[in-house]
Amino acid sequence: MIKFAYTIQYVQDIEKTLGFYEKAFGFSRKFVAPEKDYGELITGETTLSFASLQMADSNLKAGYIANSPANKPFAMEIAFATEDVETVVKEAIDAGASLVAAPVKKPWGQTVAYVRDPDGFLIEICTPIN
């Protein structure tokens with residue numbers, strides 16, 4: 001049996017990124033490597049992790065496209081479900097996120113908003129789908 005274990009995003013500064021997610025969403029640290037080049041947050045069943053760009057350099061020898069808030073977001077996202085989308089969006093912005101799309105109620109009843117974290121990664125904040 002296979003289980004989805006991690007989402008890992010490569011970032012400039014592990015401490016800064018972990019701090020943003022702690023402040024914006026209230027997550028706690030699960031693990032930080034002694035070298036401070038890798039860290040994990042307690043986010044539920046699947047772990048949200050961050051690794052340094054230097055680790056990307058060593059792991060991805062053929063190269064990669066680094067994420068940047070100066071560029072358009074990648075066509076992928078992480079999503080956090082909450083009953084109070086508006087409040088979570090405000091808290092994320094207060095912690096340093098930038099608003100991409102304000103909360104909108106979708107035809108299927110779900111409320112969805114989008115922000116980008118300080119590293120430029122796209123985050124959906126939504127109500128759970130019933």
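The values are calculated or read from the model by the stated rules, or taken from the named source; none is laboratory data. Fair warning: this is a prediction, and the values are worked out from it, not measured in the lab. Backbone-built Cβ (ideal geometry, glycine too); neighbour counts: all protein chains shown.
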Filter result for Val115 (in a strand (DSSP E or B), β-branched (Val, Ile, Thr), in contact with a helix residue (DSSP H, G or I) (Cβ under 9 Å, 6 or more places away or on another chain) and closer than 19 Å to Thr7 by Cβ)
yes
Looking at the stretch 113-130, I want the residues that are closer than 15 Å to Asn67 by Cα and have a partner that is among the acidic types (Asp, Glu) and surrounded by fewer than 18 Cβ atoms within 10 Å (Cβ to Cβ) with Cβ atoms under 6 Å, at least 6 apart or on another chain. Which pairs are those?
Leu122/Glu77
Name the strands (runs of 3 or more DSSP E) wholly within the stretch 28-99 that hold at least 2 residues that are at pLDDT below 95 and over 16 Å from the mean Cα position of the chain (by Cα)?
none
For Asn67: the one exception among (1) touching a residue at least 40 places away in the same chain (Cβ under 8 Å); (2) under 19 Å from Thr43 (Cα atoms); (3) surrounded by 13 or more Cβ atoms within 10 Å (Cβ to Cβ); (4) touching a strand residue (DSSP E or B) at 6+ places or on another chain (Cβ under 8 Å)
(2)
Residues Lys30, Lys16, Lys36: which one is of a type in the set (D, E, K, R), within 23 Å of Val89 (Cβ to Cβ) and surrounded by fewer than 17 Cβ atoms within 10 Å (Cβ to Cβ)?
Lys16
Tell me which of these Lys16 doesn't satisfy, since it passes every other one: (1) in a helix (DSSP H, G or I); (2) in contact with a helix residue (DSSP H, G or I) (Cβ under 7 Å, 6 or more places away or on another chain).
(2)
Would you please list the contacts, defined by Cβ atoms under 8 Å and residues six or more apart or on different chains, that run from a residue in the stretch 26-54 that is closer than 26 Å to Thr82 by Cβ and free of Cβ contacts under 8 Å to residues at least 24 places away in the same chain to a residue that is polar (S, T, N, Q) and in a strand (DSSP E or B)?
Lys30/Thr47; Leu41/Ser28; Leu41/Thr47; Leu41/Ser49; Ile42/Ser28
